[in-house]
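All remarks here apply to the structure that follows.
Where a number appears in this text, it was derived from the coordinates with a stated rule and is not lab data. Bear in mind that the values here come from a model prediction, so they are computed numbers and not experimental data. Cβ placement follows ideal geometry from the backbone for every residue including glycine, while neighbour counts extend to all protein chains displayed.
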Amino acid sequence: MHQAIALDPAYQAAESLLQQFERFGVDLGLDRIQHLLTRLGSPHHRVPIIHVAGSNGKGSVCACLSAVLTAAGYRVGRYTSPHLVHWCERICIQDQPIAAADLYSALQEVQRAIDPDQPCPTQFEVFTAAAWLYFAQQQVDLAVMEVGLGGRLDATNVCDRPLVSVITSLSLEHWQRLGPTLADIAREKAGILKDQCPAVIGPLPPMADAVVRGRIEALSCPPVWVEPAQDCGEGWALYTTPAGLDPLPPGQTYRYPLTLPGQHQCSNSAVAIAALQVLQRQGWQISTQHFDQGLRQVNWPARLQWFSWSGCSVLVDGAHNPAGAIALRQYVDQCMTRGDRLHAPIHWVMGLLATKDHADILQPLLRPGDRLWLVEVPGHAAADPQDLMDIAYQVCPTLGACESYTDPIEGLREAIAASQRHHPQAPSVILCGSLYLIGWMFQSAEWATLATTLDLRQHPIVPVLHEPLKPSSAG
């Protein structure tokens, strides 16, 4: 499928058009996107939105929101970034990517609207404008819009009256652009909050929490502070309704299918459910059955996703910042405990971008005896594998092995071979780091030939998260 899209002439034309704007890089600000949208007839004013910001969990929350609202019968747009394999993934309606021909048409219309007498918009701004335009033309009932970077000056932050603003989590990331402290980053993320518009906020560190609370008070936002759901095991979680959702009484519970693996999904899914309850309060028709149906169908690729490759299990995860690395390690430890392989060395294949906090990502992942294969991220400003090797030995001097490869496929093959030698009964490898690396892997011919989705119920070290679903109940 990926190869077919890449060969589509319309997709190639869209990609070529976007490449013309790549040279403008990342330049946060709202003036260019607002001017461009005005020249397009202000399509963003015709699309009700749920606006989602945060350091981690944005994509998962967007996927949950979109799935439940689609199950409720609404025509739902979803805008996320970055993509894994192709640009069409970023713009979806009813969870289906935009057709290549429609993407190219929308981008052409945006290009024609660019004012030659004004500063040229960035690539992200051009693409975001195309998303707004397409959603308006397709007359979606609402759109779930994920922030690209930060919040306050992000190109998605042009809607004055969101249905609800969501902040999933906050951690120290993108500090080069958002500021050196967690408080600085919190101020940028809280920039999506709007005067008297509802806000749903996930668990935050104390310093970030104080900043967000101050912003909510200044804007008189009706807040909903969400705690993680309780993990009930066997793919189920229990959500408890927080305060601030009148007329729903605090403490009301809902038992629901938790299809995305990882303890952090108890928080992400709870944030999504709270946002949907805000919509219910506004008159959107979403029943318990819609929640059940939608949450069963949630899919978010390359986030704790298992594959089989030539008899070896490969766990794929885009753990590209410290918080993501912590969540990945927690999941791996959980898997190993349940699989009776506690303290067994892990075989890691990893590639990171040059701009990331490499030591803070490697530190929570690596344990004594682990084996690490460091690879480049093709087509992007990647960290040099040799430099990463030095950092890896600094944070974990007792690594069992550490090697570097220019070719990611070669590195993966070597890691798989080593895992099969060391753990012949249940070989497994973890491929992680940049989402761009994973996207490159997914579209490679070798991955398409050898990798298949793994049935979790048949794998000895994977928690049983996909048991047959039982009827749920809402208290």
Handout entry: Within the chain: Cβ-based charge dipole about Cα centre, in debye rounded to nearest 20 (Lys, Arg +1; Asp, Glu -1)
Key = 1000
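Tell me the mean residue ellipticity at 222 nm calculated for the chain from its helices only (DSSP H runs of n ≥ 4, each -39500 (n - 2.57), averaged over every residue, nearest 500).
-12000 deg cm²/dmol
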Fill in the blank from the handout: By the Cα gyration tensor axes a ≥ b ≥ c (a/c under 1.5 gives rounded; else a/b larger than b/c gives prolate, otherwise oblate), the shape of segment 58-213 is oblate
Handout entry: DSSP beta bridge pairing in segment 127-242, given as percent antiparallel to the nearest 5
Key = 35
Fill in the blank from the handout: Checked against the positive end of the charge dipole of segment 305-458 (+1 on Cβ of Lys and Arg, -1 on Cβ of Asp and Glu, about the Cα centre), the farthest of Ala426, Pro368, Val395 is Ala426
Practice task
Report, largest value first, the span of the C-alpha coordinates of the chain along each principal axis, in whole Å.
Solution key: 61, 56, 41
Exercise for the section: Go ahead and run the numbers for FRET between Gln282 and Cys120, Cβ-Cβ distance against an R0 of 45 Å, rounding to 0.05. Expected result: 0.75
Exercise for the section: Give, in nm to one decimal, the length gained when the segment between Gln138 and Gln394 is fully stretched (0.36 nm per residue of separation minus the Cα-Cα distance). Expected result: 86.9 nm
Practice task
Taking 7 Å along the Cα-to-C-beta vector as the label spot, tell me the Ala445-Ala99 distance in nanometres, rounded to one decimal.
Solution key: 3.0
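Convex hull over the Cα atoms of segment 30-71, averaged projected area in nm²?
Values: hull surface 16.1 nm².
Seen from a random direction, the Cα hull of segment 30-71 projects 4.0 nm² on average.
Restricting to the chain, what percent of DSSP beta bridges are antiparallel, rounded to 5? Can you show the working numbers first?
Working: 23 of 59 bridges.
So the antiparallel bridges in the chain amount to around 40 percent.
Out of every Cα-Cα pair in segment 211-365, what percent are more than 28 Å apart? Don't jump to the answer; show the numbers that get you there.
Working: 4298 of 11935 pairs.
I get 36 percent for the Cα pairs in segment 211-365 exceeding 28 Å.
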Problem - Per-selection metrics, segment 305-458 (Cα): Rg and Dmax in Å - result: 14.1, 40
Exercise for the section: Run through the DSSP bridge list for segment 305-458 and note the antiparallel percent, rounded to the nearest 5. Expected result: 35
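Taking the Cα centre of segment 371-422 as origin, sum charge times position over the Cβ atoms of Lys and Arg (+1) and Asp and Glu (-1), and report the length of that vector in debye to the nearest 20.
Rounded to the nearest 20 debye, it is 300 debye.
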